[in-house]
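Undergrad: Pasting in a structure now, in structure tokens, and then I'll have a few things to ask.
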Amino acid sequence: MEQALPDPERRLQPATLEPLGHPDAGLESAVGEEAEGARDEGPGDGTMMENNFWLKKIEISVSEAEKRTGRNAMNMQETYTAYLIETRSVEHIDGQSVLTDSLWRRYSEFELLRNYLLVYYPHIVVPPLPEKRAEFVWHKLSADNMDPDFVERRRIGLENFLLRVASHPILCRDKIFYLFLTQEGNWKETVNETGFQLKADSRLKALNATFRVKNPDKRFTELKHYSDELQSVISHLLRVRARVADRLYGVYKVHGNYGRVFSEWSAIEKEMGDGLQSAGHHMDVYASSIDDILEDEEHYADQLKEYLFYAEALRAVCRKHELMQYDLEMAAQDLASKKQQCEELATGTVRTFSLKGMTTKLFGQETPEQREARIKVLEEQINEGEQQLKSKNQEGREFVKNAWADIERFKEQKNHDLKEALISYAVMQISMCKKGIQVWTNAKECFSKM
Amino acid sequence: MEGECRAPQARSSGLPAGGGGGESPGGDAPLPGSSGSSALLQAEVLDLDEDEDDLEVFSKDASLMDMNSFSPVMPTSPLSMINQVKFEDEPDLKDLFITVDEPESHVTTIETFITYRIITKTSRGEFDSSEFEVRRRYQDFLWLKERLEEAHPTLIIPPLPEKFIVKGMVERFNDDFIETRRKALHKFLNRIADHPTLTFNEDFKVFLTAQAWELSSHKKQGPGLLSRMGQTVRAVALSMRGVKSRPEEFMEMNNFIEIFSQKINLIDKISQRIYKEEREYFDEMKEYGPIHILWSASEEDLADTLKGVASCIDRCCKATEKRMSGLSEALLPVVHEYVLYSEMLMGVMKRRDQIQAELDSKVEALTSKKADTDLLTEEIGKLEDKVECANNALKADWERWKQNMQNDIKSAFTDMAEENIHSYEQTIYYGPIYSSCKEKEEMI
């Protein structure tokens, strides 16, 4: 299949990258998420770019896929598919494009890139990758990762992923992303050197936070419910669609048998012969028309799948918020208890159980000096705690603000894309009917001439 | 009991001469190769040679259909025209109108059975009255058919619906089965009525007019069961012999019948399979549409578009129903009847061969001088007449049958195609997302 760019409507506005002279801009974003968060104001659309001195636009395409064999980490032979990524820069004036970079990447490297982005941009709804394994298959589709159709659809999905990242106002500026497109060798090492895996929040911690957080921002709670619903409804839809495709395939293909039998029958008929034969031909046409129809539908299914996976990205942002909020609540709680301890020590009243109180009872009271020392320590801790709480609060607010901005951007994108996809689907159905009318009109004419 | 020659030539003014002018089917042409798109016929699609379980009865409620062939009801759809069976000989002179309706269940201590009401209206003199109403059960139809076969061994008797559908039937008398059978019985009687010879058969008249007890006593007059069985055994032996000396034109006829039988059986299976696939597609689509409505509940901006797609899917569903009914009303009964016809035809060939074989064996006996030559010569004379009559009857009826078959098949498929066209036209309704769809289409 020829290299297919996503259709014009879906083509995202290519975003600019910083020119080579500013490697630090990317590094900056790799290091400090707070700084990153502080930098971006307002909805993250493309217009921001113009304010900066980006000189060139770029085009990214995943143009080829190739089967390769190599040795994996355990020194075993393995077969995998590599994808060619080509980057072109487009001169503003005349619109001509020049190939600037071209390298090969495999799926696992895309995964690495995305995991990195997830860690460093937790407030961003990070675009999803196409599925790792074929799901929602109907009988004709193969679930084999090496199947050419699957590889082709994955190629398109990966290209889409890169375009989404490149057109995201914040993600596009990331250095690691830039290197992904331009530096073939050593890229993996570079990513790992950022130490992002260590920065990643543990799943367990996140789960714990989800259950224990007391006052998450209501909008995030709603968003979480929404993303759950979205995920559930799209999965259901895709499952049923696959079954529908299966059945439709059956209906069309069985008609093909008419073609063969009519043709054989026409041999013994004099007057009916011609009519039968030509009607049979139309039955063959009808039967084979389903292949193209279902191929188009598969693209539609892929568009829905992207948003199915986007739902998970939304949930990731919500989880991060819950984690931060929980952290904040814990810090506040800790601070409050320290203050209370301090107060108790100062006033001498024991309202709550404490180990010190216990030991005091058992071993006698401490000296005033000891008490003073302890109060001092606590006061220091309280001070620190208050600072931390303040900055955590600040972080939290920043996070919520930035995340929400990206979520708004995402919502608009989603509504636009899904509306387009749904309309295309309806148009596909209509075109299928029109083809049906044509074939059956032809067949009817043949039948009536028998 | 033996073949009567009197009727065929005299009455059948519309038929081509029964004598030597019979058109032979072009059985010489080699079968063409398959139509080239053999890619379609991968094992994945169908293995039509195995005995499929698809022989279940499926017909839908024919609430559209007015089964009375005499009442001047305008066809409500092209479908209803199918059942006004087209017999192109002298349609205006039809003087015998039969309907089969009102199936009723009867329960006795021994068995349960269904009877059908048969109403006959006629202007013929030989009938005592102009209108008759009787009730008959399947067994009675079977009796009639056997009598007709005996009286006219080389005429193409219309087929009866099967006795039972062996596979896929849980209950012998479910509504669909009864309705399909009723329609087929109606067709059976009307085909007899329209046949230039059979229409004047005495047993046929008795069948249509006699009260229950009259029919029973009439039935007893026929040859007993035992003698009929005895004949069968002898007949098989004879027919083997008859095949060898079959004249050329009957060889061609036989060739046609064999191939036709093969093909029509395949078409029957294919059509039923299509029906099954459509039904399963319909079932899935019914679940598909509502998911979009469900989704629209959690979306604001997308709600309208989602509902639009749901309504599009809904129309697809309705269109599928239309196609299904097109199949079950128009195509499947016709194709199935011709499957049964092809079996019938093979029976007719056999009987013709048997009659011929009788003659041949006597001729052989004569040449080997095994028995009394004078007696043999006389018998041979009679048999030669018999053979000539039988052959002529078959030839004439064959032409008539082929013509009918062509018309019926042509109508059935044309009507099915028409239904399919309508079904697709019905789906093309843009509905609430009209403008967006139109915009998109223009862009493509």
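Undergrad: Enumerate the helices (runs of 4 or more DSSP H) found wholly within segment B:181-294, keeping only those where 1 or more residues are at pLDDT below 90, aromatic (Phe, Trp, Tyr) and surrounded by fewer than 21 Cβ atoms within 10 Å (Cβ to Cβ).
TA: On the way: elements: B:202-209, B:212-219, B:225-244.
By residue number, B:212-219.
Undergrad: Identify, please: which residue in segment A:269-291 is crowded, with 24+ Cβ neighbours inside 10 Å and of a type in the set (A, V, I, L, M) and is, among those, nearest to the other protein chains (Cβ to nearest Cβ)?
TA: A:Ala287
Undergrad: If the Cβ limit is 6 Å and pairs must be 6+ apart or interchain, which residue in segment A:219-232 that is at the interface with chain B (Cβ under 10 Å from one of its Cβ atoms) pairs with which residue that is of a type outside the set (A, V, I, L, M) and not in a helix (DSSP H, G or I)?
TA: Close Cβ pairs satisfying both conditions: A:Glu229/B:Ser298.
Undergrad: Looking at (1) among the aliphatic types (A, V, I, L, M); (2) more than 11 Å from chain A (Cβ to nearest Cβ); (3) touching a residue at least 12 places away in the same chain (Cβ under 8 Å), find the lone condition where B:Leu375 falls short.
TA: (3)
Undergrad: Being part of a helix (DSSP H, G or I) and at pLDDT 90 or above, is that true of even one residue in segment B:128-138?
TA: Step one: filter segment B:128-138 for residues part of a helix (DSSP H, G or I), giving B:138.
Right, trim to at pLDDT 90 or above and you get B:138.
The answer is yes, given that some residue of segment B:128-138 is part of a helix (DSSP H, G or I) and at pLDDT 90 or above.
Undergrad: Is at least one residue of segment B:354-369 among the hydrophobic types (A, V, I, L, M, F, W, C) and free of Cβ contacts under 8 Å to residues at least 12 places away in the same chain? Working first, answer last.
TA: Taking segment B:354-369 first, the residues among the hydrophobic types (A, V, I, L, M, F, W, C) are B:355, B:357, B:359, B:363, B:365-366.
Retained after the next criterion (residues that are free of Cβ contacts under 8 Å to residues at least 12 places away in the same chain): B:365.
Looking through segment B:354-369, at least one residue is among the hydrophobic types (A, V, I, L, M, F, W, C) and free of Cβ contacts under 8 Å to residues at least 12 places away in the same chain.
Undergrad: Residues to consider are A:Leu99, A:Leu84, A:Leu103, A:Leu118; find the one that is open to solvent by 50 Å² or more (accessible area, probe 1.4 Å), part of a strand (DSSP E or B) and among the hydrophobic types (A, V, I, L, M, F, W, C). Don't jump to the end; show me each part of the working.
TA: Details: A:Leu84 fails: open to solvent by 50 Å² or more (accessible area, probe 1.4 Å); A:Leu103 fails: open to solvent by 50 Å² or more (accessible area, probe 1.4 Å); A:Leu118 fails: part of a strand (DSSP E or B).
Result: A:Leu99 is the single residue among A:Leu99, A:Leu84, A:Leu103, A:Leu118 that is open to solvent by 50 Å² or more (accessible area, probe 1.4 Å), part of a strand (DSSP E or B) and among the hydrophobic types (A, V, I, L, M, F, W, C).
Undergrad: Which numbered condition trips up A:Ala403, out of (1) touching a Phe, Trp or Tyr at 6+ places or on another chain (Cβ under 7 Å); (2) touching a residue at least 60 places away in the same chain (Cβ under 8 Å)?
TA: (1)
Undergrad: Out of A:Asp201, A:Asp144, A:Asp149, I need the residue that is assigned to a helix (DSSP H, G or I) and open to solvent by 40 Å² or more (accessible area, probe 1.4 Å). Which one?
TA: Being assigned to a helix (DSSP H, G or I) and open to solvent by 40 Å² or more (accessible area, probe 1.4 Å) holds for just one of A:Asp201, A:Asp144, A:Asp149, which is A:Asp149.
The values are calculated or read from the model by the stated rules, or taken from the named source; none is laboratory data. Keep in mind the model is a prediction, meaning the values are calculated, not measured. Note that each Cβ is placed from the backbone with ideal geometry, even for glycine, and that neighbours are counted across all protein chains shown. Note: accessible area is taken over every heavy atom of the protein model, side chains too, but ligands, DNA and RNA are not part of it. Shrake-Rupley method; radii C 1.70, N 1.55, O 1.52, S 1.80 Å.
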